[in-house]
Amino acid sequence: MSVYVKYSAWLNATPERAKSDTSDGPRLSRLEAMRKAYGENYAPDMPPLDTDYLIGYLFEIGPTMAAGMGSGPITHEEILAWQELTGIELQPWEARFLRRLSLEYVSELHHAETLGYVPAWRPPDWKPEPSAVQLSLRALAQS
């Protein structure tokens, strides 16, 4: 599950601009850039999961929450509030595991903002990130 969470963070990270990129448009997350380059319906392969209910819970709670200068991991209080609102009772190990997955997501999200950062997992059909030039050329071709 850790690899799944880290790959999700890598996809959702917004990498820094290349030094040669002088555009002033909004930066895109890797997933947004892939969909722009390969089509809006592009859905990357994801790492296989043995069980997915905890991943579902994590993304329902939200893998991050607002913290001081950006995103931080979910807190035990957030997990408790989610349990009370949904009526789902987690085992103590499940709550600790969700928090650990959130910590891993936040850590990977931070690292993945580095341009050219390679994910821990690559799908069989892995396509490298489109460059700013590729995105610009495709945008011109579509207009």
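The values are calculated or read from the model by the stated rules, or taken from the named source; none is laboratory data. The model shown is predicted, which means the values in this text are computed figures rather than measured ones. Cβ placement follows ideal geometry from the backbone for every residue including glycine, while neighbour counts extend to all protein chains displayed.
List of remarks:
- Among (1) under 20 Å from SER107 (Cβ atoms); (2) in contact with a Pro (Cβ under 8 Å, 6 or more places away or on another chain); (3) surrounded by fewer than 17 Cβ atoms within 10 Å (Cβ to Cβ), the one test that ASP45 misses: (1)
- Unique match (being within 17 Å of the chain's Cα centre (by Cα) and closer than 25 Å to ALA141 by Cα) among PRO26, PRO15: PRO15
- Residues within region 17-27 that are free of Cβ contacts under 8 Å to residues at least 24 places away in the same chain and surrounded by 10 or more Cβ atoms within 10 Å (Cβ to Cβ), tallied: 2
- Taking the conditions (1) more than 21 Å from ALA120 (Cα to Cα); (2) modelled with pLDDT of 95 or more in turn, LYS19 satisfies each one other than (2).
- Among the residues of region 34-53, those identified as among the small types (Gly, Ala, Ser) and under 14 Å from TRP126 (Cβ atoms) are ALA37, ALA43.
- Of all the residues in region 109-143, those that are at pLDDT below 80 and either surrounded by 14 or more Cβ atoms within 10 Å (Cβ to Cβ) or in a helix (DSSP H, G or I) (or both) number 14.
- Some residue of region 66-73 being surrounded by 13 or more Cβ atoms within 10 Å (Cβ to Cβ), closer than 30 Å to ALA141 by Cα and not acidic (Asp, Glu): no
- Residue pairs meeting the criteria (Cβ under 7 Å; at least 6 apart or on separate chains; first under 14 Å from ARG100 (Cα atoms), in region 64-85; second among the small types (Gly, Ala, Ser) and not in a strand (DSSP E or B)): THR64/SER102; PRO73/SER102; ILE74/GLY62; ILE74/SER102; HIS76/ALA95; ILE79/ALA95
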